[in-house]
Amino acid sequence: MSGMPIRNVMVALTGSDQVLVVKPEIRRIEDLKGKVVGVSTLKSTTDVSTRIALKHYGLAPDVEVKIVPLGGGTGLRFTALQSGRVDGALLAMPHNKIAVKQGFRELIYMKDLIWIPFVGLAANTRKIQTDADFIVRSIRASLRATRYIKENKSEILKLLGKEFGIKDGEVASLVYDDAIKLYSDTGIPTDASMLEDIAAAKET
């Protein structure tokens, strides 16, 4: 979009896996008034997504809900939530499910608000022009992997434990069940989702 010689050639996830996780005493969206929500950095994906979510439910960011940049990734935001430094934060898998098991509450699912291509495969335009077959084979392999993930839950749960350190079987199962809903079977995003993504980028 900014003119770089790079093109998205495939979409892996059709929506964000980010979830606004809050302290257990926060039961409704309205309970966020006067509270503090943590994001990674200002103008980051977590910041923009948090503001979209708050505005959607009629809350004014920085006025009714304080937004603070914490730096780092979802692990750091999870730690800030655990320590009580913030009342809520956008968390990605598996931290959102670990938080739920510890008593925190999933309040807003970003996938319910915006459907944008979240993760995908990109390539340099020169590579596309000179070695299109490689690009096609990469897409095909990725789609085969997606199909395998969706059809082999038990094997993927083992992988989650081995590669991502999710030893808790219940957490791993919750992560899997939510994640597969986001995986694209074709790698092709809808026009509507692309327009939504462009609109979000413009706002950023």
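Read-outs throughout are calculated quantities, based only on the coordinates presented, and are distinct from any laboratory measurement. It should be emphasised that the depicted structure is a prediction, and the values quoted were computed from it without experimental measurement. Neighbour counts run over all protein chains shown; Cβ positions are idealised from the backbone, glycine included.
I need the helices of the chain that pass two filters: whole DSSP H segments spanning 20 Å or more by Cα along the axis, and mean Kyte-Doolittle score no lower than -1.0. Intermediate values should be presented prior to the final figure.
Working: long enough: 132-151 (29 Å, -0.14).
Going by DSSP H runs, the hits are 132-151.
Starting from 0.36 nm per residue, how many nanometres of slack lie between residue 149 and residue 33 once their C-alpha separation is accounted for?
Values: separation 116, 0.36 × 116 = 41.76 nm, distance 3.98 nm.
Fully extending the segment from residue 149 to residue 33 adds 37.8 nm.
Among 77, 126, 140, which one moves the most in a GNM of the chain with springs linking Cα atoms closer than 10 Å?
126
For the chain, rounded, prolate or oblate, judged on the Cα gyration tensor with a ≥ b ≥ c (square roots of eigenvalues), a/c < 1.5 rounded, else prolate if a/b > b/c?
On the way: a/c = 2.27, a/b = 1.36, b/c = 1.66.
In terms of gyration-tensor shape, oblate.
Which of the lysines could a cross-linker bridge to residue 23, judged by Cα under 28 Å and excluding same-chain residues fewer than eight apart?
33, 35, 43, 55, 66, 97, 101, 111, 167, 181
Please identify, among 94, 61, 117, the residue showing maximal mean-square fluctuation in a Gaussian network model of the chain using a 10 angstrom Cα cutoff.
61
I want to check the label-to-label distance for residue 119 and residue 186. Put each point 7 Å from Cα in the C-beta direction and report it in nm to one decimal.
A separation of 2.2 nm, rounded to one decimal place.
Normalised by the empirical 2.2 N^0.38 Å for globular proteins, what value does the Cα Rg of the range 19-112 take?
Working: Rg = 11.5 Å, N = 94, 2.2 N^0.38 = 12.4 Å.
Ratio of Cα Rg to 2.2 N^0.38 Å: 0.93.
With the chain treated as a Gaussian network of Cα nodes joined by springs under 10 Å, which of 132, 80, 89 yields the largest mean-square fluctuation?
Top of the fluctuation ranking is 132.
How much length is gained on full extension from residue 168 to residue 62, taking 0.36 nm per residue of separation minus their Cα-Cα distance? Display every interim value, and only then the final one.
On the way: separation 106, 0.36 × 106 = 38.16 nm, distance 3.67 nm.
My answer for the length gained is 34.5 nm.
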